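So the structure is just underneath, and the comments pick up after that.
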Amino acid sequence: MSNEQKTKHTPGPYSAIGDDGIDITIIGEGDEVVAEIPILGDQERADANAALFIAAPELLAAGLAVISTWEHGDLAGVVRQLNAATTKAEG
């Protein structure tokens, strides 16, 4: 069974569609709302939380790739993928 068949969360990629001053809305495939990040007076923290949410599908894919590749030896490519995903998550 592939990872895609086991996935129960909303498929990515995710993106932010708006910041109305109250919250940031995160959407996934088919414009399905995945999350609403409350700003609560701290825009910088809300933006960082939104970046983490948006990167979640890539972080999961990169982590699964590392686990899968671990058994076969060459991790360089998947470590670069993981590095890119964590950089995106950090905003």
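Computed from the coordinates by the stated procedures, all read-outs in this text should not be read as laboratory data. What you see is a predicted model; the values in this text were computed from it and never measured.
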Discussion item. Taking just the alpha-carbon atoms of the chain, what radius of gyration and Dmax come out, in angstrom?
Written reply: 15.0, 48
Discussion item. Using only Cα atoms and rounding to the nearest 10 degrees, what angle (0 to 90) does helix 43-70 make with the longest principal axis of the chain?
Written reply: 10
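Can you give the relative contact order of the chain as a percent, counting alpha carbon pairs under 8 Å and 6+ residues apart?
23
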